[in-house]
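See below for the structure under consideration.
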Amino acid sequence: MKKALFLLVLLPLWLSGQYNLIPLPQKITPGEGNFIWKPKLSYHCTEQFVQKPCQLWLWGLTKNDKNGKPSKADIVVTALPKTKNYHPEYYRLAVNPKQIQIKAYTDTGVSRAITTLMQLMPADYVINRPVGFPIPCVNIEDQPKFEYRGLHLDECRHFFGLDFILKYIDAMAMHKYNVFHWHLTEDQGWRIEIKKYPKLTEVGAWRDGSQIGRYAEQRFDSSSYGGYYTQEQIKFVVGYARLRYITVIPEIEMPGHSLAALAAYPQYSCTGGPFKVAKGWGVFDDVYCAGNDSTLSFLKDVLSEVLTLFPSKYIHIGGDECPKSRWKSCEKCQKRIKENGLKDEHELQSWFIQHMEKWLNQQGRQIIGWDEILEGGLAPNATVMSWRGAEGGKIAAGMGHKAIMTPGKPCYFDHYQSKDSTEPIAIGGYNPLENVYAYSPIPEGIDSNYAHFIIGAQGNVWTEYMENPRHVEYMVWPRAAALSEVLWSGPGGNYSNFLQRLPADMERLKVIRVKHATHFTKKP
Ligand code: ACM
Ligand code: ZN
């Protein structure tokens, strides 16, 4: 009987995993005793944070909408006086037997503290409000290593819909990611409503079939496939992410990967078309005509609507994998090259990107582009996303440009995560969990004076071989959990310690119905 009682007391503690926190905070000092969770808690929140979304989270946690007295409150949130170099995401979280104290400079910091607090609670606390649950006392001091902590999703090769996106954002927030890079336009589908150009979604969001099986087999089905987000839905997603202190950066691809748009408006190509939305994967020769002024006006019109939906400082304009064959034989493109004294089509691509950058800068935004934007001359204020290895990031940083690291290995979560023959088809490359965990975003050999231009890294999720939400989740988790720790806690973490904390983290995902791969549970 005594033993049963003992287990009853210890079991919840064990289930909470003591401090099964991912990403691991910078400093954890264990305390003594527990804070016992009550059905309804009181809280006090400093005026500075009262109107902010973190207030909503406090309400969600405590089921109380009263701002009580600080001395009596169960949870107290205080603003730290801002110092010269304060970090906006810094927080302190102290769990004492009588009170939970959160201190931060900004509401973002408060939200990160609440995320940590939630991880000290049982995984299913959202569903079964814990009553009498002991939260182990602890003092945590924390802030992220990297300012940009991104997760990407390609919704063009396959389309997953609003419910999935909200869940994707929830899982990101649990891991303190702060950027959702939403890849919305491609050869295989245009996924964002643009009111001035309705055919982008009437025509461009749908294809007559999809490639199936391995790439080399070149097999296709003939089912109509597609979908898109209305502007109202997009606003909802952006607001939902903002509540979780995640910025949504849209990617509107140009000048390549644009066949879906050209199927709808072929006049913006070099040849005039006609075109079809691509069924197969790969890179296509037909791209936006860089010599046609009306193409540039079209893209600015599209971006004008995009800017009203996405308040992000950065807008991603792609720039990768743009074949130059059409430009080579296009009169307008050749005229543009001549008139601007450009050397070749690579310089024309650079001219095109710089033209769009200048316009976006005038609208108060900055561009991000894939590392091909380095070719033919980098646009003056551009941030480079380094995907073909680390070299692009290194070069950009060396030029004093910001860079975000997304090298295929280990940042592409569309690669195989195991060598098991039963693994679903994926894009070539082996990128297991331990390699993601071992990643260090600062490229080797970079001049230390320029390392600070590497603002972070991102996991990329291209979905040619992921047909449904469950498959996406299977590819993303737990690799994205490992990357979150590299980015928040910093590289060089202890992998076996991470693996010990991981089951509790995956349990939290399960509660919000997010699937994950289980290779980490098997002995090598
Ligand atoms: C890319 O993977 N084409 C950026
Ligand atoms: Zn052209």
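Structure notes:
- Helix 293-309 and the longest principal axis of the Cα set of the chain meet at an angle near 10°.
- Euclidean distance of C-alpha centroids, region 377-449 and region 96-156, integer Å: 28
- Only Lys, Arg, Asp and Glu carry charge here, each on its Cβ (+1 for the first two, -1 for the last two); on that basis the chain has a dipole of about 2020 debye about its Cα centre.
- Note that region 311-367, at 20 °C in a medium of 1.002 mPa s, gets a Stokes-Einstein diffusion coefficient of 173 µm²/s from its Kirkwood radius over C-alpha pairs.
- Cross-link pairs beyond the 25 Å C-alpha cut-off, checked among K145/K235; K63/K176; K27/K103; K196/K335; K52/K235; K176/K358: K145/K235; K196/K335; K176/K358
- Computed FRET value (nearest 0.05) for A438 with K72, which takes r as the C-beta separation and R₀ as 45 Å: 0.40
- N497 versus S42: modelled label distance in nm, points set 7 Å from Cα along the beta carbon direction: 3.9
- More than 21 Å apart - percent of Cα-Cα pairs taken over region 217-372: 51
- Nitroxide proxy distance, nm - points 7 Å out along Cα→Cβ at M399 and D293: 2.8
- Over the chain - Rg/Rh using Cα atoms and the Kirkwood inverse-distance radius: 1.00
- Adding -39500 (n - 2.57) for every DSSP H run of four residues or longer, then dividing by how many residues the chain holds, sets the calculated 222 nm ellipticity at -10000 deg cm²/dmol.
- Full-extension gain in nm, S329 to Q366, via 0.36 nm per residue minus C-alpha separation: 10.1 nm
- In the assembled protein chains, R326 presents an accessible area of approximately 70 Å² (probe radius 1.4 Å).
- Region 475-501 residues near the modelled T422 label - backbone nitrogen below 20 Å, point 7 Å along Cα→Cβ: 475-479
- Positive-end residue, region 318-376 charge dipole about Cα centroid, Cβ charges, pick of S329, S350, G364: S329
- Angle in degrees between helix 345-362 and the longest Cα principal axis of the chain, rounded to the nearest 10: 50
- If both residues of a DSSP beta bridge must be in the chain, then about 35% of such bridges are antiparallel.
- Helix 231-243 axis, angle to the chain major axis (alpha carbon atoms, nearest 10°): 40
- Residues of type lysines that K338 reaches as a straight line, Cα spacing below 19 Å, ignoring anything fewer than 8 places off in the same chain: K324, K328
- Heavy-atom accessible area per residue - the chain, 1.4 Å, Å²: 42
- Cross-link partners of K510 among aspartates and glutamates (Cα-Cα below 18 Å; sequence separation of 8 or more within a chain): D124, D163, D170, E473
- Put a plus charge on the Cβ of each Lys and Arg, a minus charge on the Cβ of each Asp and Glu, and nothing anywhere else: the dipole of region 94-202 about its Cα centre is then about 280 debye.
The values are calculated or read from the model by the stated rules, or taken from the named source; none is laboratory data. Not measured: the values here are computed from a predicted model. Cβ sites come from the backbone with ideal geometry, for glycine too, and all protein chains shown count toward neighbours. Protein only, heavy atoms only, side chains kept; ligands, DNA and RNA dropped before computing areas. Shrake-Rupley method; radii C 1.70, N 1.55, O 1.52, S 1.80 Å.
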